[in-house]
1. When only the heavy atoms of the protein chains count and the probe is 1.4 Å, how do Phe327, Phe118 rank by accessible area, highest first?
2. Among the listed pairs Lys245/Lys305; Lys214/Lys305; Lys174/Lys305; Lys214/Lys313; Lys284/Lys313, which have their C-alpha atoms separated by more than 25 angstrom in this model?
3. When only the heavy atoms of the protein chains count and the probe is 1.4 Å, how do Trp10, Trp5 rank by accessible area, highest first?
4. Protein chains only, probe 1.4 Å: how do Leu344, Leu170, Leu24, Leu151 rank by accessible area, largest first?
5. For Lys305, what accessible surface area do you get with a 1.4 Å probe? Give it in Å², rounded to 10.
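The values are calculated or read from the model by the stated rules, or taken from the named source; none is laboratory data. Please read these numbers as outputs of a predicted model, since none were measured by experiment. Side chains are part of the model used for accessible areas, which takes the heavy atoms of the whole protein and leaves out ligands, DNA and RNA. Shrake-Rupley method; radii C 1.70, N 1.55, O 1.52, S 1.80 Å.
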Amino acid sequence: MTFIWPGFLWFLLCVPLLIVTYWLMLRRKKKHAVRYAGLSTVKEAMGRSQQLRRHLPPLLFLVALTVMLLAVARPAALVTLPSQYETVILAIDVSGSMRASDVTPTRIAAAQAAVRGFVEQQPRNTRVGVVTFAGTAALTQPPTENRQDILAAIDRIQLQRATAIGSGILVSLKAIFPEIEFNLNSSDPRPAEKDYSEARAIGERSKERRADVKPVQPGSYTSAAIILLTDGQTTTGPDPIESSKMAAERGVRVFTVGIGTIEGEVVAGEGWSMHVRLDEDSLKKIATSTGAEYFYAGTADDLAKVYKMLNSKLTLERKETEITALFAAVAAFFALLSAMLSMLWFNRIL
């Protein structure tokens, strides 16, 4: 548990001061009581249980005060809440290295099986889209609730050359925000600002410059998420880190899944061979910058477990939520109970 205003916790020092004050008041009361005759008779009449009851209302009051002071510091805790992701984009690496058989039967076959299981477990009202990327990226299935269309798009996957992870992120982002603009031919995907000063000088009508996107907190957009799977490292296209920043500015989480060998492997085809290595550092940075998580899968079973875990995260997600109201309610309950017991005690009902 954390506190949004931890400075207010210093007020808890008042609690031990009140306890000492209460103890001093009791001692002073005893000193005054010995002046009266028949004190021993009163003590005999008052049992030990009744003496303990006298201290119960002050004890409950101290508990209420302590909880209320904690509430003032605005406590927050990780709680499990139902997610409301309406759209999930599956970005799948279809580069030639996905034909490698270190993940049985092959990386791409294991990926297709895991993704199919993920799609089948999604709520019926969740729209799922499919993006494939190699040297470039394409939206092979726009977001839809039709599970047959989604599974058919997964089955139609064909391997190509090169790996453009940045392109996969950007095309997935455009499936969520169709109005987004980016440049796939540059390392920096952000579109260059056009200068319309010359057009204005000659009296031509020019387009208004698009307003800059106001960044939001990473991971704060809860209507859509991207799950990106790859087995290699970027060889072409936009910088994946810069691409992920565009997703982070819009609050979209990009969960990354790495498959294959971390140390690298030589993959051969018809008349060609290449050394491929999983770039975990980039995948971790992509996930972290967007408020998501990175997962590694070295086997087909691991990959299936990862997508089951992702399904759980997108359905029920642990979030840090302020629980001040809960503390305030508990404090009010103890304060009310203390007041009721005090009233009953003074009226000699207890």
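1. Details: Phe327 35, Phe118 0 Å².
Largest accessible area first, the residues go Phe327, Phe118.
2. Pairs exceeding the cut-off: Lys245/Lys305; Lys214/Lys305; Lys174/Lys305; Lys214/Lys313.
3. Working: Trp10 190, Trp5 115 Å².
Order by accessible area, largest first: Trp10, Trp5.
4. Numbers: Leu344 50, Leu170 0, Leu24 95, Leu151 30 Å².
I get Leu24, Leu344, Leu151, Leu170, largest accessible area first.
5. 130 Å²
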